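A.B. asks: Take a look at this one; I'll ask things after.
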Amino acid sequence: MKSLKELEEIRNRAMSRVNMRHDRDTGTRIVVGMATCGIAAGARPVLNAFVEEVQKRGLSDVVVSQTGCIGVCRLEPMAEVYTPGNEKVTYVKLTADMVPNIINQHIVNGQPVIEQTIGYYEEHNK
Amino acid sequence: MNFYRSHVLVCGGTGCTSSGSAQIIEEFNKQIQAAGLEKEVQVVRTGCFGLCELGPVVIVYPEGSFYSRVKVEDVAEITTEHLLKGRIVRRLLYSESVVDENTIKSLDNVDFYKKQERVALRNCGVIDPENIEEYIAFDGYKALGTVLTEKTPQEVIDTIKASGLRGRGGAGFPTGLKWQFASGYQDDQKYVLCNADEGDPGAFMDRSILEGDPHVVIEAMAIAGYAIGATQGYIYVRAEYPIAVHRLEVAIGQAREYGMLGKNIFGSGFDFDLEIRLGAGAFVCGEETALMRSVEGKRGEPTPRPPFPAEKGLFAKPSVLNNVETYANVPRIILNGPEWFSAMGTEKSKGTKVFALGGKINNTGLVEVPMGTTLREIIYEIGGGIPNGKKFKAAQTGGPSGGCIPAEHLDTPIDYDNLMAIGSMMGSGGLIVMDEDNCMVDIARFFLDFIVDESCGKCTPCRVGTKKMMEILDRIVAGKGEEGDIERLEELGNEIKATALCGLGQTAPNPVLSTIHYFRDEYEAHIKEKRCPAGHCRSLLSYKIDPEKCKGCSLCARNCPADAISGTVGKPYSIDTTKCIKCGACESACKFSAISKS
């Protein structure tokens, strides 16, 4: 390696991989329901998609973790997004291919993907 | 490239390894594979987290769950419950971090870590020390790159001077000044050395840094080389640290591979390379000049100073020798600026200090606190106090070169000058806590014994003087102390301090002198009354059978290896103190607590 710029590139590449090793009380949390209901409904690929997208984009202030049964088992796979200063947003009936859009529109640009939230789903699927 | 959703950090320091963390890592790999999670969960072996009392330690991110005293048998449960199903295994959590059913405190807020400021230990327990890219991820080698491309050597020296960094090996000499001196002497070859000998009994600060973050030392030595004009460095590690040696070897290899060591680093024209030299078990080789003689292939014996190593050091060339912990602070000072460092600590002692907490304390392990933190905070808040409800008696800092600090000085803010003022010294960071059951005379004897063993023998004050002091102390704890012994110890001690050739001899009398200063009454009890107030020194103990409690069962007499107990069954027995060898077998055997010692 010959230059500070090359060092910076290695740093950025490596940082996204080790970034989660810090305790943090601030920033965004994405919690994916991974109880038996969630896993059976296919939450694992969704969880992995979130992790991959966050790391690929180098979003250092976002933590993706798993939780148990959120309660509304028929709507799994579910994910709850907590962004600082906002109310929690609950996404339902997720698939892995919906994740990049959620990250882009909600996490990066601050606009929840309304059509995929629990409120919208319940309204439109009575 | 694989994107792991969870990292399982397992401590791979010497402490946890000896408690089986290597087997735990193996078991995790096995269980994770069996659960099909190997693409999602990464197991990382890191360095020391500091809470050694609770090892083996496993931390799972992103949740930050701190699992303590983990056994190999627990791994299956952690894998299926936590990694697979997201349910934290509460029974294994560090109890201090559990607030209630639903809340777990972040590690930064538990008593052990709350008052700590991890600067030198920054990466320990966070990164895999055998992966240079993880070091780079946390700003590794950025300081070196900045220094080589944007600063002159003098600017680097000025930065270190401005920070107020003082040597962490014990003497506390201003690091920037040392580098300035070496930079001022011209020669065809200069050297940078790292003192990783860490000979103080009970000290393991340097070991943890070398095992957990070896690259920080490599980077700092390269920076030092640039600052003083040296192209070659040596790390002198004690051979009793095999894990540290291995991690260093791997790290040096990777640093060379990535171009951080070798020729024309960062294209700046600066060359620097490092080699490891192993110690061979001599405490005296931690002394600056003796260390250099050892690297040169000679017997490790100190040589008089002046000339100081900055002028004529290794192979008679200008050299800088610094301690591992001193180096561990350097890259951060370059990156964050000297004002950041000098904002921590006291007026004359800037920054933080790593302490190895041991002895009679609940949270044994490694702590790093800003200078100025009081002893009381370290022992009672961070250390969790004295176990079994015993009373604090004294804390020993500085190992065999240091002194004891009694309860009256517990509120002293710790820094180089304050500790010297109360008769001790900072030393390398070993902090041994003693309670009411420790005998201060015996503690002094223990450290002196170590010194007598380790004296190189070159100068008479140390070679003969410490032995003479030892003979007096041996007599005292054996119950043969004489009037005048304390004065003899004081006289000898002061003479040795004034006349010994090197730091080992000059500081050898400190434990004796400081215990006499603060605990003279214990010495007098040993000598005049032939009594050990703490009930520790065997030869001064006498065992007695309480006739009110004794049932005459004869169990004690049957257990006595010296046939010192006699009596008739049914009536109280008695001990013949002239035959008694004070082994304590009778006390352990008695079912009626009728035997006591005093």
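A.B. asks: For the residue pair B:R299 and B:E26, what label-to-label distance in nm results when each label sits 7 Å from Cα along the Cα-to-beta-carbon direction?
C.D. replies: Between B:R299 and B:E26, the simple spin-label model gives 4.4 nm.
A.B. asks: So, one more: How high is the relative contact order of chain B, given as a whole-number percent (alpha carbon pairs under 8 Å, six or more residues apart)? Let's see the in-between values first.
C.D. replies: Numbers: 1244 pairs, mean separation 68.6, N = 598.
Relative contact order of chain B: 11 percent.
A.B. asks: Further, regarding this structure: Among B:N131, B:Q396, B:A343, which residue has its Cα furthest toward the positive end of the charge dipole of chain B, with +1 on Lys/Arg Cβ and -1 on Asp/Glu Cβ?
C.D. replies: Highest projection toward the positive end goes to B:Q396.
A.B. asks: Per residue of B:130-142, what is the mean number of Cβ atoms on other protein chains within 10 angstrom of that residue's Cβ? Mind showing how you got there, number by number?
C.D. replies: Values: counts 0, 3, 2, 7, 5, 3, 11, 11, 7, 3, 4, 5, 4.
What the average comes to for B:130-142 is 5.
A.B. asks: Right, another one. Hey, what D do you get for segment B:161-227 in µm²/s if you plug the Kirkwood alpha-carbon radius into Stokes-Einstein at 25 °C and 0.890 mPa s?
C.D. replies: Working: Rh = 13.5 Å.
My calculation gives 181 µm²/s for D.
A.B. asks: Based on the Cα atoms of segment B:541-597, what semi-axes does the equivalent ellipsoid have, where each is the square root of 5 times one gyration tensor eigenvalue, given in whole Å with the largest first?
C.D. replies: Working: eigenvalues 47, 26, 20 Å².
Equivalent-ellipsoid dimensions as semi-axes: 15, 11, 10 Å.
A.B. asks: Hey, got the dipole for segment B:440-528? About the Cα centre, +1 on K and R Cβ, -1 on D and E Cβ, debye to the nearest 20?
C.D. replies: Roughly 320 debye for segment B:440-528.
A.B. asks: Still on this structure: Report the one residue of A:V32, A:V46, A:S65 whose Cα lies farthest in the direction of the positive end of the charge dipole of segment A:3-84 (charges on C-beta: Lys and Arg +1, Asp and Glu -1; origin at the Cα centre).
C.D. replies: In segment A:3-84, that residue is A:V46.
A.B. asks: Roughly speaking, what is the stretch gain from B:S593 to B:R256, that is 0.36 nm per residue apart minus the C-alpha to C-alpha distance, in nm to one decimal? If you can, show how the numbers build up before the last one.
C.D. replies: Values: separation 337, 0.36 × 337 = 121.32 nm, distance 6.65 nm.
So the chain would gain 114.7 nm between B:S593 and B:R256.
A.B. asks: Residues of segment B:1-25 with backbone nitrogen within less than 16 Å of a virtual label 7 Å along the Cα-to-Cβ line of A:K56, please, listed as ranges.
C.D. replies: Residues B:1-5 fall inside that zone.
A.B. asks: Above 14 Å lies some portion of the pair distances; for segment B:11-95, what is it as a whole percent of all C-alpha pairs?
C.D. replies: 59
A.B. asks: What number comes out for the charge environment of B:K298, summing +1 per Lys or Arg and -1 per Asp or Glu over other residues with Cβ under 14 Å away? Show your work: numbers first, answer last.
C.D. replies: Working: positive: B:R277, B:R293, B:R299, B:K458; negative: B:E287, B:E296, B:E301.
Residues close to B:K298 contribute a combined charge of +1.
A.B. asks: Do any of B:K350/B:K458; B:K353/B:K458; B:K161/B:K312; B:K360/B:K480; B:K468/B:K544; B:K317/B:K350 go past 24 Å between their Cα atoms, and which? Intermediate results must be reported in sequence, preceding the final value.
C.D. replies: Details: B:K350/B:K458 36 Å; B:K353/B:K458 33 Å; B:K161/B:K312 22 Å; B:K360/B:K480 29 Å; B:K468/B:K544 35 Å; B:K317/B:K350 30 Å.
Correct reply: B:K350/B:K458; B:K353/B:K458; B:K360/B:K480; B:K468/B:K544; B:K317/B:K350.
A.B. asks: Here's another thing I want to ask about it. I need the peptides B:58-71, B:39-52 ranked by packing, meaning the mean over residues of other C-beta atoms within 10 angstrom, with the highest value on top.
C.D. replies: Numbers: B:58-71: 21.1, B:39-52: 23.4.
Ranked by mean Cβ neighbours within 10 Å, highest first: B:39-52, B:58-71.
A.B. asks: Follow-up question, since we're still on this one. What does DSSP give for chain B in terms of the percent of beta bridges that are antiparallel, rounded to the nearest 5? Numbers along the way, then the final one.
C.D. replies: Details: 33 of 60 bridges.
Expressed as a percentage, antiparallel bridges in chain B total about 55.
A.B. asks: Between B:E408 and B:K348, what FRET efficiency follows from the Cβ-Cβ distance if R0 is 25 Å, with the result rounded to 0.05?
C.D. replies: Numbers: r = 23 Å, r/R0 = 0.92.
Computed FRET efficiency for B:E408 and B:K348: 0.65.
A.B. asks: Evaluate peptide B:266-278: per residue, the Cβ atoms of other protein chains within 10 Å of its Cβ; return the mean as an integer. Write down the numbers at each step before the final one.
C.D. replies: Values: counts 6, 4, 2, 0, 0, 0, 0, 0, 0, 0, 0, 0, 0.
For this peptide, the per-residue mean of nearby foreign Cβ atoms is 1.
A.B. asks: Ranked from highest to lowest mean number of other Cβ atoms within 10 Å per residue, what is the order of the peptides B:358-364, B:334-340?
C.D. replies: Ranked from most to least packed, the peptides come out as B:358-364, B:334-340.
A.B. asks: For segment A:25-124, just run the numbers: alpha carbon Rg, then divide by 2.2 N^0.38 Å, N being how many residues it has. Mind showing how you got there, number by number?
C.D. replies: Values: Rg = 12.4 Å, N = 100, 2.2 N^0.38 = 12.7 Å.
Against the empirical 2.2 N^0.38 Å value, I get 0.98 for segment A:25-124.
A.B. asks: Same structure again: Shape verdict for segment B:183-302, please, from the Cα gyration tensor: rounded (a/c under 1.5), prolate (a/b greater than b/c) or oblate. Don't skip to the end; give the middle numbers.
C.D. replies: On the way: a/c = 2.23, a/b = 1.29, b/c = 1.73.
Oblate shape, in that a/c is at least 1.5 and b/c is the bigger or equal ratio.
A.B. asks: Could you give each residue of segment B:419-435 its phi-based ³J(HN,Hα) in whole Hz, using Karplus coefficients 6.51, -1.76, 1.60 with θ = phi - 60°, and x for Gly or Pro?
C.D. replies: 5, 5, 5, 9, x, 10, 7, 5, x, 7, x, x, 9, 9, 9, 10, 10
A.B. asks: Okay, moving on. Based on the Cα atoms of segment B:1-47, what semi-axes does the equivalent ellipsoid have, where each is the square root of 5 times one gyration tensor eigenvalue, given in whole Å with the largest first?
C.D. replies: On the way: eigenvalues 91, 30, 6 Å².
Equivalent ellipsoid semi-axes, largest first: 21, 12, 5 Å.
A.B. asks: Of the listed pairs A:K93/A:K126; B:K391/B:K528; B:K39/B:K85, which have alpha-carbon separations greater than 18 Å here?
C.D. replies: Flagged as over cut-off: B:K391/B:K528.
A.B. asks: Below 8 Å between Cα atoms, with a sequence gap of 6+, how large is the relative contact order for segment B:466-598 in percent? Walk me through the numbers on the way to the answer.
C.D. replies: Values: 183 pairs, mean separation 28.5, N = 133.
Value for segment B:466-598: 21 percent.
A.B. asks: A further question on this structure: Assuming a viscosity of 1.567 mPa s and a temperature of 4 °C, what translational diffusion coefficient in µm² per second does Stokes-Einstein assign to the protein assembly as shown, Rh being the Kirkwood radius over Cα pairs?
C.D. replies: On the way: Rh = 28.7 Å.
Approximately 45 µm²/s, per Stokes-Einstein.
A.B. asks: For segment B:364-414, how big is Rg over Rh, using alpha carbon atoms and the Kirkwood form of Rh? Walk me through the intermediate numbers first.
C.D. replies: Values: Rg = 11.0 Å, Rh = 11.7 Å.
Answer for segment B:364-414: 0.94.
A.B. asks: About the Cα centre of the protein assembly as shown, how large is the charge dipole given +1 on each Lys and Arg Cβ and -1 on each Asp and Glu Cβ? Please answer in debye to the nearest 20.
C.D. replies: Dipole about the Cα centre, nearest 20: 1060 debye.
A.B. asks: Quick one, can you get me the convex hull of the C-alpha atoms of chain B expressed as volume per residue in Å³?
C.D. replies: Hull volume over Cα atoms, normalised by residue count, gives 177 Å³.
A.B. asks: Whole percent per 5 Å bin, from 0 to the bin with the longest distance: what is P(r) over all C-alpha pairs of segment B:440-528?
C.D. replies: The percentages, shortest bin first, are 3, 17, 30, 26, 15, 8, 2, 0.
A.B. asks: Using the beta-carbon distance between B:A34 and B:F446 and R0 = 51 Å, what value does 1/(1 + (r/R0)^6) give for FRET efficiency, to the nearest 0.05? Mind dumping the intermediate values first?
C.D. replies: Numbers: r = 50 Å, r/R0 = 0.97.
FRET efficiency, B:A34 to B:F446: 0.55.
A.B. asks: Determine the calculated [θ] at 222 nm for the protein assembly as shown from helices alone, applying -39500 (n - 2.57) to every DSSP H run no shorter than 4 residues and normalising by the residue count; nearest 500 deg cm²/dmol. Kindly include the intermediate steps, with their values, before the conclusion.
C.D. replies: Values: 27 runs with 251 residues, N = 724.
Counting only the DSSP helices, I get -10000 deg cm²/dmol.
A.B. asks: Equivalent ellipsoid semi-axes for segment B:268-371, as square roots of 5 times the alpha carbon gyration tensor eigenvalues: give them largest first, rounded to whole Å.
C.D. replies: Details: eigenvalues 171, 98, 40 Å².
Over the Cα atoms of segment B:268-371, the semi-axes work out to 29, 22, 14 Å.
A.B. asks: Grab the beta carbon distance between B:K579 and B:K528, set R0 = 25 Å, and tell me the FRET efficiency rounded to 0.05. Let's see the in-between values first.
C.D. replies: Details: r = 25 Å, r/R0 = 1.01.
The value I calculate is 0.50.
A.B. asks: How about B:K105: which lysines have a C-alpha closer than 18 Å to its C-alpha, ignoring those fewer than 8 places off in the same chain?
C.D. replies: Within the straight-line cut-off, B:K105 pairs with B:K114, B:K115.
A.B. asks: Hey, what's the per residue convex hull volume over the C-alpha atoms of segment B:320-479, in cubic angstrom?
C.D. replies: Working: hull volume 22.2 nm³, N = 160.
So the per-residue hull volume is 139 Å³.
A.B. asks: Determine by what factor the alpha-carbon radius of gyration of segment B:132-342 differs from 2.2 N^0.38 Å, reporting the quotient.
C.D. replies: Working: Rg = 15.7 Å, N = 211, 2.2 N^0.38 = 16.8 Å.
This ratio for segment B:132-342 stands at 0.93.
A.B. asks: Let me ask something else about it. If you average the sequence gap of Cα pairs under 8 Å that are 6 or more apart and divide by the length of segment B:59-167, what percent do you get for the contact order? Write down the numbers at each step before the final one.
C.D. replies: On the way: 50 pairs, mean separation 15.0, N = 109.
Relative contact order here is 14 percent.
No lab work stands behind these numbers, since they all come straight from the coordinates. The structure presented is a predicted model; accordingly, all values stated were derived computationally and were not measured. Positions of Cβ are generated from backbone atoms using ideal geometry, with glycine treated the same way; all protein chains shown enter the neighbour counts.
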